[in-house]
1. Has region 101-120 got at least one residue that is surrounded by 14 or more Cβ atoms within 10 Å (Cβ to Cβ) and more than 16 Å from the chain's Cα centre (by Cα)?
2. Going residue by residue through region 33-45, is there one that turns out to be outside any helix (DSSP H, G or I), touching a residue at least 12 places away in the same chain (Cβ under 8 Å) and farther than 14 Å from residue 120 by Cβ?
3. Can you give me the number of residues within region 108-132 that are touching a Leu at 6+ places or on another chain (Cβ under 8 Å) and at pLDDT below 90?
4. Might you let me know whether region 79-88 holds any residue that is of a type in the set (A, V, I, L, M), within 23 Å of residue 2 (Cα to Cα) and modelled with pLDDT of 95 or more?
5. Taking region 1-12 on its own, how many of its residues are in a loop (DSSP other than H, G, I, E, B) and under 12 Å from the mean Cα position of the chain (by Cα)?
6. Only one of these is assigned to a loop (DSSP other than H, G, I, E, B) and touching a residue at least 12 places away in the same chain (Cβ under 8 Å): 55, 61, 87, 127. Name it.
7. Take the residues in region 13-32 that are assigned to a helix (DSSP H, G or I) and in contact with a helix residue (DSSP H, G or I) (Cβ under 7 Å, 6 or more places away or on another chain), then tell me which one is farthest from residue 78 (Cα to Cα).
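The values are calculated or read from the model by the stated rules, or taken from the named source; none is laboratory data. Here the structure is a predicted model, which means the values were calculated and not measured. Here the Cβ positions follow ideal geometry from the backbone for every residue, glycine too, while neighbour counts run over all protein chains shown.
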Amino acid sequence: MRIFSSVLFSALVPTFLILLLPSLVNSQGINLRQSLALFLPIYVASFAGLLIIGLPIYYALKQYKLLSTFNLALSGALAGVIYFLFLTWLLLTVLTEGHFVLEPLTMLWGCVLGLITAAAFGNFLGLNNRDY
């Protein structure tokens with residue numbers, strides 16, 4: 001139950017970051033209607049990424065006795081890049097029939113979101129900084 005609640009809560013972290021960051025850059029503030037419309041799809045994508053990629057990484061690190069906050073965050077950053085590139089490709093090529101171009105900024109977004117999500121997951125789980 002603790003792992004499930006950690007997944008539920010840590011999926012909120014990138015969701016709020018994606019929704020609130022543009023309003024910090026844009027001086028017009030938060031568009032509440034747009035943010036509410038995007039909340040569920042972004043949360044579902046974050047939750048799915050944690051279930052599909054994050055939990056297997058967590059269990060693999062735990063099984064090989066490599067589970068630590070650092071290892072979880074590092075692998076979360078790498079998984080975030082892969083998952084964010086996949087979602088970007090999916091949105092651009094499949095849904096909009098656009099062309100996918102691999103850009104460093106896309107990879108940086110994935111790295112940051114994966115790192116923050118993994119750190120939040122470890123924090124909600126209570127990993128602290130000790131090895132398991």
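1. Within region 101-120, none of the residues are surrounded by 14 or more Cβ atoms within 10 Å (Cβ to Cβ) and more than 16 Å from the chain's Cα centre (by Cα).
2. no
3. Residues that pass the stated criteria total 3.
4. Within region 79-88, one or more residues are of a type in the set (A, V, I, L, M), within 23 Å of residue 2 (Cα to Cα) and modelled with pLDDT of 95 or more.
5. 1
6. That would be 127, the only listed residue that is assigned to a loop (DSSP other than H, G, I, E, B) and touching a residue at least 12 places away in the same chain (Cβ under 8 Å).
7. By that ranking, first place goes to 19.
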